[in-house]
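Participant: If you scroll down you'll find the structure; I have some questions about it.
The values are calculated or read from the model by the stated rules, or taken from the named source; none is laboratory data. Computed from a predicted model, the values in this text were never measured in an experiment. Every residue, glycine among them, receives a Cβ derived from its backbone with ideal geometry; neighbour counts consider all protein chains shown.
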Amino acid sequence: MTTLLKLFQQTAVDNAVALLETARRQLSQVDDSASRQRIVSHNGCLLIEAPTGAGKTLIAGHTAETFSLGKKVVWFWFAPFAGLVEQSIRTIRNEFPGLTVKDLRNERTVAGVKSGDIFVTTWGSVAANTAESRKARTNSDTALSLDRLVPALKGLGYQLGVIVDEAHHGFKKAPEAISFYMNVLAPEYTVMVTATPKDKDIETFKQATGFEEIHKISISRWDCVIADLIKTGVKAVAFLVEGDAREITDFEKTAIRHGLEQHLAIERALEMIGIGLKPLMLVQIDSATNALSADETKRKLVELGIKPEQIAIHTADDPDPDLLALASDENVRVLIFKVAVALGFDCPRAFTLVSMRRSRDADFGIQVVGRILRVHRLLQGKTRPDILDYGYVFLTDHAIQEGLTQAAVRLKSIETQLTNASPSLTLVGIGSDGLHAQVAKEGQPSFWVTEQPKPPESPVENAQPPENVEGLSQGDEIPNQPRLFPGTPRTMPSRIVVRPATPVVSGATYPLRTDMAFPKSLKKEVCSADMVGGLAACIASRMNLDGEILSVVHRRFSQATKRTTELFGGLVDTETVTADISMKEIARKAQGFLFEDENVSGRPLHDLLIRRLKEEFQRQGWAEKISPRDLEDALNLILATHPGALREAKRRCYANFIEAVPAAPLPPFVSADAPLLPARLNVYGVFPDGLTTDEREFALLLDSDTSGTVAWWHRNPQSKPYTASLVMPELKYDFHPDFVVGVRERSTEDSVLLVEVKGNQLLNMFESVVKARAVHKLYKRVMMVHWEGGRQWRTVINDDNGEHNLLDQAFRFGLLPTY
């Protein structure tokens with residue numbers, strides 16, 4: 001049974017047929033190929049732009065059917081990809097009795113041909129380097145090749161029409177499509193339909209095909225809403241989680257769970273109004289390597305109560321041969337897919353979509369929105385609750401909302417418009433030659449063929465050789481440069497100036513000073529030989545497992561802000577909800593903390609902590625309820641959510657297993673490529689090379705001390721045998737403070753104070769927070785300083801929780817002896 005067209009659809013069909021009829025009438029009045037080409041170029045191409053659900057397929061099909069009556073027209077219908085060919089064929093057979101579907105595989109003959117015959121295929125099946133395409137382009141005993149069928153049809157007086165569904169997609173996917181379209185089909189009539197046209201794509205198509213005009217029929221979203229073909233709007237739901245909880249939140253499961261709750265609410269609403277329809281929930285997974293797989297997604301759905309037999313999967317790796325049947329098979333409650341279903345899949349019973357894809361592209365957003373916009377026939381014209389007037393998209397990444405918002409803006413911007421035949425094309429008589437098509441300029445036809453503009457000059461032909469090429473002499477061949485003319489060697493023109501190599505300035509050497517007292521060897525921390533066996537046991541016994549920390553073993557949810565945006569209306573609603581935590585991510589983070597310290601063997605520490613945790617559970621009376629898997633999950637939760645407890649235990653235990661030993665002697669001299677500025681208190685008598693701006697300012701401050709507090713100072717280099725260093729259990733490397741300062745009256749080994757300089761951009765990095773609380777075995781507490789606003793130096797300390805750095809008091813030399 002054919003569908004009765006809505007008023008706006010019938011108007012679009014009438015307008016499209018009128019345009020094609022004008023082109024046909026003009027073509028029938030001319031004989032020369034140049035005129036025919038101008039007519040097709042100006043009146044032979046139509047673009048139908050409408051939102052998904054507007055019935056673009058119906059409009060295009062009725063246009064072809066109506067236009068073919070009483071004429072001789074054969075059609076080619078191009079679906080965007082193979083999965084939609086059968087859907088298109090089914091629609092044509094059900095809706096357009098005046099069109100006859102022909103099988104491209106075995107009905108490539110002229111026998112029995114009639115107006116309204118239509119071949120349904122894809123560009124990839126006829127215009128790509130595939131076995132299917134090669135077969136269609138090759139003669140067989142029973143079928144002509146397409147390259148011979150088309151001219152044979154035209155020889156019998158038939159004209160060719162082409163319908164391109166999702167036109168923006170098809171031509172891009174098959175680069176050979178344009179060539180096949182222009183050189184083999186060469187259709188008189190082209191009808192393109194799409195929900196996502198772009199001016200840039202239209203211009204590209206015009207340039208590739210030579211069309212002077214592409215006529216456009218546009219249908220607004222609001223026309224479709226009034227006709228009850230598409231829903232009033234779409235609500236996009238994203239989840240925002242604050243702080244460190246983001247890293248352990250399972251956004252995929254959270255989106256699926258909340259999407260499923262919405263899906264079930266829709267199901268109940270349909271039952272309440274007596275509509276016998278089971279909705280379909282769509283779950284779109286990403287194609288990225290580390291993304292959630294279809295099987296993992298299915299497991300999450302099963303965990304949330306969906307029966308395995310109610311879940312279907314359709315991906316390129318696991319295609320469902322009965323994909324189209326899913327649209328009506330109400331035993332299938334959830335469909336998991338990647339990309340293919342997002343393009344053209346017609347399933348009006350879909351209200352809810354969970355999207356895990358990371359794309360922010362507006363075109364992709366339009367396709368996603370389009371899958372849940374249609375109003376099912378059982379609901380059209382019926383009074384229904386608001387929940388059924390919307391589609392719902394649940395996002396695993398709130399940033400994806402950007403593409404959906406852009407998609408909504410584009411769909412809202414489309415206004416209904418019809419088209420007219422080109423006013424610039426006229427038919428004029430020239431002597432006794434009959435009518436010719438001419439393009440009118442300023443109301444007057446031109447009787448001369450307009451010279452085609454020259455193609456833009458190649459950038460290679462206009463390329464200028466570089467002014468200076470280092471390392472080459474005149475006449476040398478220039479590497480990796482395009483040839484200006486074929487066969488011409490790439491050589492240096494005589495005008496190019498070859499820059500001489502930069503001369504190397506002789507270096508300067510600065511010996512270690514002998515006129516002041518300072519240690520010739522600094523102290524570095526090392527782990528003692530007996531730490532291997534005892535450190536893990538110490539950490540496991542000293543780790544804090546009090547009630548607050550222990551309580552996280554029951555945690556399975558975190559708190560999130562659910563942000564719902566109505567895409568077309570722009571209204572935003574927020575509420576606090578629960579978000580699932582990812583035990584997989586929890587385990588990954590926990591393992592990272594266990595194995596972050598190369599001085600501690602992670603596996604023995606893990607086993608000792610499991611034993612300790614089991615003892616704590618026994619004290620709480622939980623032991624009989626806890627399985628080994630539960631113990632693993634509990635330890636992972638504690639380590640992932642309270643890493644500070646483990647690190648604090650490490651700090652306490654390390655003190656028992658760290659000793660300070662002499663580093664290698666300071667080098668007898670330092671050298672530099674250029675002379676260095678003299679320094680009054682530096683152990684080499686100069687300001688060393690390679691200082692940052694902040695370090696140079698601090699070195700100048702030390703060197704300018706007039707209080708007598710600073711006896712000497714030394715720039716402590718990174719990772720040298722003679723560097724003063726600290727073992728830091730929270731870092732994966734030893735800590736080498738920037739400066740070693742000799743401070744009079746300081747009660748440490750050799751009166752040494754270690755100082756670390758931190759710029760603003762590094763002040764609150766994790767490593768900086770750890771370093772701000774560093775204490776050397778012999779030199780005691782390390783001072784961290786910051787040059788605030790380029791005006792004054794201030795010391796840096798941890799906040800009360802030890803999680804952030806704060807600026808403390810202003811730097812004064814009087815602080816150094818007792819710091």
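Participant: Pairs, please: C-beta under 6 Å, at least 6 apart or cross-chain, first residue farther than 16 Å from Asn716 by Cβ and in segment 771-786, second assigned to a loop (DSSP other than H, G, I, E, B) and small (Gly, Ala, Ser)?
Facilitator: Correct list of pairs: empty, since none qualify.
Participant: Now a separate question. List the residue pairs whose Cβ atoms are under 8 Å apart, where the first residue sits in segment 659-687 and is under 18 Å from Thr723 (Cα atoms), the second is among the aromatic types (Phe, Trp, Tyr) and in a loop (DSSP other than H, G, I, E, B), and the two are 6 or more positions apart or on different chains.
Facilitator: Cβ pairs passing all conditions: Ala663/Tyr722; Ala664/Tyr722; Pro665/Tyr722; Leu666/Tyr722; Pro667/Tyr722; Phe669/Tyr684; Val670/Tyr684; Val683/Phe518.
Participant: How many residues does segment 82-131 hold that are among the small types (Gly, Ala, Ser), in contact (Cβ under 8 Å) with a residue 24 or more places away in the chain and under 23 Å from Glu176 (Cα atoms)?
Facilitator: Here the count works out to 7.
Participant: Right, here's the next one. Wholly within segment 213-294, which helices (runs of 4 or more DSSP H) include no fewer than the required count, namely at least 2 residues that are polar (S, T, N, Q) and within 31 Å of the chain's Cα centre (by Cα)? Step through it out loud before you land on a result.
Facilitator: On the way: elements: 221-226, 245-248, 251-272.
Correct list: 251-272.
Participant: Using the structure shown, decide if Ala54 is of a type in the set (A, V, I, L, M) and touching a Cys at 6+ places or on another chain (Cβ under 9 Å). Talk me through it step by step, then tell me what you get.
Facilitator: On the way: of a type in the set (A, V, I, L, M): yes; touching a Cys at 6+ places or on another chain (Cβ under 9 Å): yes.
Taking the combined requirement at face value, the residue satisfies it.
Participant: Quick one: in segment 645-696, which of the residues that are exposed (fewer than 14 other Cβ atoms within 10 Å of the Cβ) and among the small types (Gly, Ala, Ser) is nearest to Thr509 (Cα to Cα)?
Facilitator: It comes out as Ser671.
Participant: In segment 382-422, what residues are closer than 21 Å to Ala327 by Cα and either of a type in the set (Gly, Ala, Ser) or at pLDDT below 85 (or both)?
Facilitator: Selection gives Gly391 alone.
Participant: State which residue is surrounded by the fewest Cβ atoms within 10 Å (Cβ to Cβ) when the search covers only segment 101-123 and only residues that are part of a loop (DSSP other than H, G, I, E, B) and among the aliphatic types (A, V, I, L, M).
Facilitator: Narrowing segment 101-123 to residues part of a loop (DSSP other than H, G, I, E, B): 103-116.
Filter again for among the aliphatic types (A, V, I, L, M), leaving 104, 110-111, 113.
On the way: Leu104: 21, Val110: 14, Ala111: 5, Val113: 17.
Checked segment 101-123; the qualifying residue surrounded by the fewest Cβ atoms within 10 Å (Cβ to Cβ) is Ala111.
Participant: Scan segment 390-442 for residues that are touching a residue at least 12 places away in the same chain (Cβ under 8 Å), among the hydroxyl-bearing types (Ser, Thr, Tyr) and assigned to a loop (DSSP other than H, G, I, E, B) and report the count.
Facilitator: Qualifying residue count for the region: 5.
Participant: Filter segment 526-544 down to the residues that are of a type in the set (A, V, I, L, M), surrounded by fewer than 20 Cβ atoms within 10 Å (Cβ to Cβ) and not in a helix (DSSP H, G or I) and list them by number.
Facilitator: The answer is Val526, Ala529.
Participant: Further question on the same structure: Taking Val661, is it over 18 Å from Leu512 (Cα atoms) and within 47 Å of the chain's Cα centre (by Cα)?
Facilitator: So Val661 fails the test.
Participant: Something else about it: Go over the candidates Ala64, Ala143 one by one and state the one that is assigned to a loop (DSSP other than H, G, I, E, B) and in contact (Cβ under 8 Å) with a residue 24 or more places away in the chain.
Facilitator: Result: Ala143 is the single residue among Ala64, Ala143 that is assigned to a loop (DSSP other than H, G, I, E, B) and in contact (Cβ under 8 Å) with a residue 24 or more places away in the chain.
Participant: Out of everything in segment 552-595 that is among the basic types (Lys, Arg) and outside any helix (DSSP H, G or I), what residue ends up being nearest to Leu613 (Cα to Cα)?
Facilitator: So, considering only residues that are among the basic types (Lys, Arg) and outside any helix (DSSP H, G or I), the one nearest to Leu613 (Cα to Cα) is Arg555.
Participant: In segment 506-525, what residues are of a type in the set (A, V, I, L, M, F, W, C) and surrounded by 17 or more Cβ atoms within 10 Å (Cβ to Cβ)?
Facilitator: Listed by number, the residues that qualify are Phe518, Leu522.
Participant: Residues to consider are Arg781, Arg791, Arg746, Arg773; find the one that is out of contact with any Pro (no Cβ under 7 Å at 6 or more places or on another chain) and at pLDDT 95 or above.
Facilitator: Residue meeting the stated conditions: Arg781.
Residue-by-condition table, conditions (1) more than 18 Å from Val162 (Cα to Cα); (2) buried (at least 24 other Cβ atoms within 10 Å of the Cβ):
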{"position": "Thr2", "(1), (2)": "yes, no"}
{"position": "Lys6", "(1), (2)": "yes, no"}
{"position": "Ala16", "(1), (2)": "no, yes"}
{"position": "Thr22", "(1), (2)": "no, no"}
{"position": "Val30", "(1), (2)": "yes, no"}
{"position": "His62", "(1), (2)": "no, yes"}
{"position": "Lys72", "(1), (2)": "no, no"}
{"position": "Trp77", "(1), (2)": "no, yes"}
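Participant: Being surrounded by 20 or more Cβ atoms within 10 Å (Cβ to Cβ), aliphatic (A, V, I, L, M) and in a loop (DSSP other than H, G, I, E, B) is the filter here, so list the residues in segment 743-773 that pass it.
Facilitator: Once the filter is applied, which keeps residues that are surrounded by 20 or more Cβ atoms within 10 Å (Cβ to Cβ), aliphatic (A, V, I, L, M) and in a loop (DSSP other than H, G, I, E, B), segment 743-773 yields only Ala772.
Participant: So Ile219 ticks every box in (1) touching a Gly at 6+ places or on another chain (Cβ under 9 Å); (2) surrounded by fewer than 20 Cβ atoms within 10 Å (Cβ to Cβ); (3) modelled with pLDDT of 85 or more but one. Which box is left unticked?
Facilitator: Among (1) touching a Gly at 6+ places or on another chain (Cβ under 9 Å); (2) surrounded by fewer than 20 Cβ atoms within 10 Å (Cβ to Cβ); (3) modelled with pLDDT of 85 or more, the lone unmet condition for Ile219 is (2).
Participant: Can you go through Leu373, Leu425, Leu379 and tell me which one is hydrophobic (A, V, I, L, M, F, W, C), surrounded by 12 or more Cβ atoms within 10 Å (Cβ to Cβ), modelled with pLDDT of 90 or more and over 19 Å from Val40 (Cα atoms)?
Facilitator: Answer to the check: Leu379.
Participant: In the set Gly83, Gly98, which member is over 19 Å from Leu229 (Cβ atoms) and not in a helix (DSSP H, G or I)?
Facilitator: Going through Gly83, Gly98 in turn, just one is over 19 Å from Leu229 (Cβ atoms) and not in a helix (DSSP H, G or I): Gly98.
Participant: Is it the case that segment 29-46 has a residue that's within 30 Å of Lys231 (Cα to Cα), under 37 Å from the mean Cα position of the chain (by Cα) and not aromatic (Phe, Trp, Tyr)?
Facilitator: First, the residues of segment 29-46 that are within 30 Å of Lys231 (Cα to Cα): 46.
This time we only want the ones that are under 37 Å from the mean Cα position of the chain (by Cα), so: 46.
Filter again for not aromatic (Phe, Trp, Tyr), leaving 46.
There is at least one residue in segment 29-46 that is within 30 Å of Lys231 (Cα to Cα), under 37 Å from the mean Cα position of the chain (by Cα) and not aromatic (Phe, Trp, Tyr).
Participant: Moving on to the next point. For segment 774-790, how many residues meet the condition of being closer than 16 Å to Glu730 by Cβ and not in a loop (DSSP other than H, G, I, E, B)? So that I can check it myself, show each step before the final result.
Facilitator: Let us first name the residues in segment 774-790 that are closer than 16 Å to Glu730 by Cβ, namely 774-776, 782, 784.
Okay, now just the ones that are also not in a loop (DSSP other than H, G, I, E, B), so 775-776, 784.
Qualifying residue count for the region: 3.
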